[in-house]
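The values are calculated or read from the model by the stated rules, or taken from the named source; none is laboratory data. Keep in mind that this is a model prediction, so the values were computed, not measured. In this analysis, Cβ positions are derived from the backbone assuming ideal geometry, glycine residues included, and neighbour counts consider all displayed protein chains. Surface accessibility is based on the protein's heavy atoms, side chains included, excluding ligands, DNA and RNA. Shrake-Rupley method; radii C 1.70, N 1.55, O 1.52, S 1.80 Å.
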Amino acid sequence: MKEQTTKERILDAAEEIMLEKSFHSVGLKQILDAVNVPKGSFYHYFESKEQFGVEMLKHYMAEACALKRSLLIASEMEADPLVRLFNYLDGSVDFIANNPGKYPCLALKLASEVSDLSEGMRTEIVRGILQWIDIYQEVLDEAVTEKKLPGAIDTAAEAQLIQDHWSGAAQRSVISRNATPIRQTVEHIKTRIGNMAN
């Protein structure tokens, strides 16, 4: 495992802090103090706070995509792609149930805040979410190949529905500090896909 660069440590620290707060409310000093980096060094790595935000979201989305792929695509832990998908979705329910009021991902938390603030940050969130949808589609395509789902299923449309339903329900669960919306939505997704499989 390679040693993290100072830039990576700054980005990781910022992600953790902003999951608890917001982009606007977090100052550079708080982030840099968390990794013991002097303020003057910040501008060695980033031209501005906005450019830093773009880099942070690019970094976060890359890591989130890698994690999703490790859990969802051809995992050695579970051969059945639909079981992998359902386990993944159930895991998000467990997180929200055990962490009321806390967003399960930085993209969901910052999306509405930064979309009008920075076109670059908005673009990184859009790009990352499209990659997440591609991963869901890849899982569904694998299920079609293995005849777990019928060949006529529109896996691209289903992947988009999974992402959109999950995002909306996760946001409502966080706002209400109640896991019921995300739990009901995940059960709906599982039932819908399960019915297609039968």
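In table form, for the structure just shown:
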{"read-out": "Pair list, Cβ under 6 Å, 6 or more apart: segment 149-169 residue in a helix (DSSP H, G or I), other residue of a type in the set (Ser, Thr, Tyr) and surrounded by 12 or more Cβ atoms within 10 Å (Cβ to Cβ)", "value": "ALA159/TYR136; ILE162/TYR136; HIS165/THR185; ALA169/THR185"}
{"read-out": "Hey, GLU187 among the acidic types (Asp, Glu) and in contact (Cβ under 8 Å) with a residue 40 or more places away in the chain or not", "value": "no"}
{"read-out": "Number of the condition not met by TYR60 [criteria: (1) in contact with an Asp or Glu (Cβ under 6 Å, 6 or more places away or on another chain); (2) without any contact (Cβ under 8 Å) to a residue 12 or more places away in the chain]", "value": "(2)"}
{"read-out": "Residue list for segment 105-125, filter: out of contact with any Phe, Trp or Tyr (no Cβ under 6 Å at 6 or more places or on another chain) and either under 16 Å from LYS68 (Cα atoms) or at pLDDT 95 or above (or both)", "value": "CYS105, ALA107, LEU108, ILE125"}
{"read-out": "Given (1) open to solvent by 60 Å² or more (accessible area, probe 1.4 Å); (2) of a type in the set (Ser, Thr, Tyr); (3) in contact with a helix residue (DSSP H, G or I) (Cβ under 6 Å, 6 or more places away or on another chain), number of the condition SER70 does not satisfy", "value": "(3)"}
{"read-out": "Hits in segment 132-148 - residues which are free of Cβ contacts under 8 Å to residues at least 40 places away in the same chain, surrounded by 16 or more Cβ atoms within 10 Å (Cβ to Cβ) and either polar (S, T, N, Q) or part of a loop (DSSP other than H, G, I, E, B) (or both)", "value": "GLN137"}
{"read-out": "Helices (runs of 4 or more DSSP H) (entirely within segment 17-104) containing at least 3 residues that are at pLDDT 90 or above and under 30 Å from ILE162 (Cβ atoms)", "value": "49-72, 81-98"}
{"read-out": "Identity of the residue in segment 110-131, of a type in the set (Ser, Thr, Tyr) and assigned to a helix (DSSP H, G or I), that ends up surrounded by the most Cβ atoms within 10 Å (Cβ to Cβ)", "value": "THR123"}
{"read-out": "Residues satisfying the stated conditions in segment 170-188, i.e. outside any helix (DSSP H, G or I) and of a type in the set (Lys, Arg)", "value": "ARG177"}
{"read-out": "Only one of ALA179, ALA156, ALA169, ALA107 that is open to solvent by less than 50 Å² (accessible area, probe 1.4 Å), touching a helix residue (DSSP H, G or I) at 6+ places or on another chain (Cβ under 8 Å) and within 24 Å of ILE17 (Cβ to Cβ)", "value": "ALA107"}
{"read-out": "ALA13 being touching a helix residue (DSSP H, G or I) at 6+ places or on another chain (Cβ under 6 Å), over 22 Å from ALA170 (Cα atoms) and either open to solvent by less than 20 Å² (accessible area, probe 1.4 Å) or not in a helix (DSSP H, G or I) (or both)", "value": "yes"}
{"read-out": "Yes/no for ASP141 being more than 22 Å from PHE46 (Cα to Cα), modelled with pLDDT of 95 or more and under 15 Å from the mean Cα position of the chain (by Cα)", "value": "no"}
